[in-house]
Amino acid sequence: MEYYSSHINKLIEQLSHLPGIGAKSAQRLAFHIMNMPVEQVAQLTDSIKNARENVRYCKCCYTLTDRELCPICSNPNRDHGVIMVVENTRDLAAYEKTGKFEGVYHVLHGAISPMLGIGPDDIKLKELMQRLQQEVKEVIIATNSSLEGETTAMYISKLIKPTGIKVSRIASGVPVGGDLEYIDEVTLLRALEGRVEL
Ligand code: ZN
């Protein structure tokens, strides 16, 4: 590593902290950045900084947004009595792309994982339960079909059951361990339509 300038080494190190970026990819990205025009690098760093500084959680569904209330929560044409629970904003985007879901969402920002020490208090679960004080007809649990996703689904359904609100789980047509964001729209729709009541 001492073959490079210390600035490049630092850049490689920072990039390698990003998810999915190993040492080799970090090096490749760093050298790519070195060959970019200075103005383009400035645009990149500005957009990273602006996104991080200006994006916040929607105060209702906790998705990432730049407003107090996200466009979905503030849309009167959506059915606010049907809440789909997803693990992250990318999963929300995947369902939105199908254009077929008319309800609203709740973004947990993670899943329960005893192995990683992530408990119910580490995700936006209390916030979901608070939302259920209002009139809600159905909660559709659309967490991933990974072990963590299933654990979370089970936990949520047990919490909600006593309230009498209908709880359903998207169909298991979603491949096991599959991240929702990588699944095509047809599969997502089928999973949504084939949901089963818990
Ligand atoms: Zn929202």
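Observations, loosely collected:
- In the condition set (1) within 16 Å of the ligand (Cβ to nearest atom); (2) farther than 25 Å from V86 by Cα, H32 is compliant with all but (1).
- Against the conditions (1) modelled with pLDDT of 95 or more; (2) out of contact with any His (no Cβ under 6 Å at 6 or more places or on another chain), C61 satisfies every one except (2).
- Search result, residues across segment 58-78 that are within 13 Å of the ligand (Cβ to nearest atom), out of contact with any Lys or Arg (no Cβ under 8 Å at 6 or more places or on another chain) and over 14 Å from V136 (Cβ atoms): K59, T63, R67, C70, P71, N75
- Screening L69, L128 for residues that are among the aliphatic types (A, V, I, L, M), assigned to a helix (DSSP H, G or I) and open to solvent by less than 70 Å² (accessible area, probe 1.4 Å) leaves exactly one candidate, L128.
Residue-wise test of (1) open to solvent by 70 Å² or more (accessible area, probe 1.4 Å); (2) of a type in the set (D, E); (3) within 29 Å of A153 (Cα to Cα); (4) within 13 Å of the ligand (Cβ to nearest atom).
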site	(1), (2), (3), (4)
A42	no, no, no, no
E53	yes, yes, no, no
G117	no, no, yes, no
I123	no, no, yes, no
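- Among the candidates I112, I48, the residue that is away from the ligand (no atom under 12 Å from the Cβ), β-branched (V, I, T), more than 22 Å from E193 (Cβ to Cβ) and open to solvent by less than 30 Å² (accessible area, probe 1.4 Å) is uniquely I112.
- Being free of Cβ contacts under 8 Å to residues at least 12 places away in the same chain, assigned to a loop (DSSP other than H, G, I, E, B) and either closer than 28 Å to E150 by Cβ or not acidic (D, E) (or both) holds for only one residue in N50, N9, N75, and it is N75.
- Of all residues in segment 98-109, those being open to solvent by 30 Å² or more (accessible area, probe 1.4 Å) and touching a residue at least 24 places away in the same chain (Cβ under 8 Å) number 3.
- Yes/no for M36 being farther than 29 Å from L128 by Cα, aliphatic (A, V, I, L, M) and either in contact with an Asp or Glu (Cβ under 6 Å, 6 or more places away or on another chain) or outside any helix (DSSP H, G or I) (or both): yes
- Residue count for segment 79-109, restricted to those that are assigned to a loop (DSSP other than H, G, I, E, B) and either within 10 Å of the ligand (Cβ to nearest atom) or under 16 Å from L132 (Cβ atoms) (or both): 1.
Every residue, every condition in (1) open to solvent by less than 20 Å² (accessible area, probe 1.4 Å); (2) modelled with pLDDT of 90 or more, yes or no:
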position: E138; (1), (2): yes, yes
position: G149; (1), (2): yes, yes
position: P162; (1), (2): no, yes
position: V167; (1), (2): yes, yes
position: S172; (1), (2): no, no
position: E185; (1), (2): no, no
position: L192; (1), (2): yes, no
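The values are calculated or read from the model by the stated rules, or taken from the named source; none is laboratory data. No experiment lies behind these values; they were computed from the predicted model shown. Cβ: placed from backbone, ideal geometry, glycine included. Neighbour counts: every protein chain shown. In case anyone asks, the SASA skips ligands and DNA or RNA and just uses the protein heavy atoms, side chains included. Shrake-Rupley method; radii C 1.70, N 1.55, O 1.52, S 1.80 Å.
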